[in-house]
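First the structure, in the form of structure tokens, and then the observations on it.
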Amino acid sequence: MEWEIKRGANGCLLCNKEFSEGEEYYSALFDENKAFARKDFCPACWHKGKEGREFSFWKTKVPKKDKPAQTMINIEVLLDLFIKLEGNNENHQKNLRYVLALYLIRKKVFKLKSLKRQDGEEVIVLSHPREDREFNVLNPRLKEEEIQSITTEMSQLLNYSHLDHEVQNIAN
């Protein structure tokens, strides 16, 4: 399954207002027929038309042309996406959750607590110390190329072009 990959829009989906350099706007992921679609909104349309149908969202800013592209990843967005994928049985989204878990381990958000077998499959038990919470993540036994493919899709979807480079070694 492939996601509809779309970079940040040049303007608001609802009012068609074009975003200007340095302007803040909202990006949201919507689960449409078991595929994520990214949609962007100006603050006015976001606040008046927000119906809670989005799967996940974040506030972002149009980069300035004379500044380098964003190099910081919003860990809270990735953590929110990881949590919202809990219990999802669709294969591609389970695979995404696994890749997010690997990334969040690498960034020291999660600690690997243990490995266990559940219904004949390997499950990774993660500790989230900041919230004193544990998560179970199915290990889908992805090949390195599959992890890289999901990482590329994720970075394009969230508009984190440098994420690809940071995740290259997470499965090693």
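The values are calculated or read from the model by the stated rules, or taken from the named source; none is laboratory data. No experiment lies behind these values; they were computed from the predicted model shown. Here the Cβ is made from the backbone with ideal geometry for all residues, glycine too, and neighbour counts use every protein chain on show. Calculation scope for accessible area: heavy atoms of the full protein, side chains included, ligands and nucleic acids excluded. Shrake-Rupley method; radii C 1.70, N 1.55, O 1.52, S 1.80 Å.
Taking only pairs six or more apart or across chains, which ones have beta-carbon atoms under 8 Å, a first residue in the range 65-90 that is farther than 27 Å from ASN10 by Cα, and a second residue that is modelled with pLDDT under 90 and open to solvent by 70 Å² or more (accessible area, probe 1.4 Å)? Every condition considered, the pairs that remain are GLU90/MET1; GLU90/LYS34.
For (1) at pLDDT 90 or above; (2) at positive phi, each residue gets a yes or a no:
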residue	(1), (2)
PHE57	no, no
TYR98	yes, no
ARG106	no, no
ARG141	yes, yes
THR152	no, no
ALA171	no, no
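Filtering LEU104, LEU100 for residues that are within 20 Å of THR152 (Cβ to Cβ) and either free of Cβ contacts under 8 Å to residues at least 40 places away in the same chain or in contact with a Gly (Cβ under 6 Å, 6 or more places away or on another chain) (or both) leaves a single hit, LEU104.
Using the structure shown, decide if LEU126 is open to solvent by less than 20 Å² (accessible area, probe 1.4 Å), in contact with a strand residue (DSSP E or B) (Cβ under 8 Å, 6 or more places away or on another chain), modelled with pLDDT under 90 and not charged (D, E, K, R). Against the criterion (open to solvent by less than 20 Å² (accessible area, probe 1.4 Å), in contact with a strand residue (DSSP E or B) (Cβ under 8 Å, 6 or more places away or on another chain), modelled with pLDDT under 90 and not charged (D, E, K, R)), LEU126 does not qualify.
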